[in-house]
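The block underneath contains the structure these notes are about, expressed in structure tokens.
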Amino acid sequence: MSEKNNILSLCVCMALCDHKLNKDETAEILKIAKELKTDFNVHNCTDEIEKKFSGDIDLAQDFYLGIIPDKRKIEAKQLTKRVALADGDLEDKETRFLVRMKHAWGYEFFD
């Protein structure tokens, strides 16, 4: 899987962390995929996460956090934050997701 697809999969994990994939988050992920110039299907990724990780979003997040290279971490963080804010509301589970990201990657990748 490409670095871009791994970043987009991390974005899908963010969208799913509150156990629902809403249309604003889906639209934002598709917009990001277009900006990254990559073909990406949000629903196929959702199905893959459900199958591969038995719906355990924390496990999926840990997996994708572990394979994003350092040179793409700041970009991945910014794009993931865009998905979290796409519906205009930063929920507790989304904040928790970002905190877990900070702990996994270290403070140097966060402002």
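The values are calculated or read from the model by the stated rules, or taken from the named source; none is laboratory data. Here the structure is a predicted model, which means the values were calculated and not measured. Backbone-built Cβ (ideal geometry, glycine too); neighbour counts: all protein chains shown. Areas reflect the complete protein model, heavy atoms only, side chains present, ligands, DNA and RNA absent. Shrake-Rupley method; radii C 1.70, N 1.55, O 1.52, S 1.80 Å.
Key figures
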| read-out | value |
| --- | --- |
| Residues (open to solvent by 40 Å² or more (accessible area, probe 1.4 Å) and not in a helix (DSSP H, G or I)) located in segment 12-40 | His19, Lys20, Leu21, Lys37, Asp39 |
| Where His43 falls short, out of the listed (1) crowded, with 16+ Cβ neighbours inside 10 Å; (2) assigned to a helix (DSSP H, G or I) | (1) |
| Some residue of segment 4-14 being among the hydroxyl-bearing types (Ser, Thr, Tyr) and in contact with a Phe, Trp or Tyr (Cβ under 7 Å, 6 or more places away or on another chain) | yes |
| Answer from Cys17, Cys11 - the residue that is modelled with pLDDT under 95, within 11 Å of the chain's Cα centre (by Cα) and either among the acidic types (Asp, Glu) or under 15 Å from Asp87 (Cα atoms) (or both) | Cys17 |
| Ser9, sole failed condition from (1) open to solvent by 60 Å² or more (accessible area, probe 1.4 Å); (2) in a helix (DSSP H, G or I); (3) out of contact with any Ser or Thr (no Cβ under 9 Å at 6 or more places or on another chain) | (1) |
| Search result, residues across segment 64-111 that are under 15 Å from Leu8 (Cα atoms), among the polar types (S, T, N, Q) and either free of Cβ contacts under 8 Å to residues at least 40 places away in the same chain or open to solvent by 20 Å² or more (accessible area, probe 1.4 Å) (or both) | Gln78 |
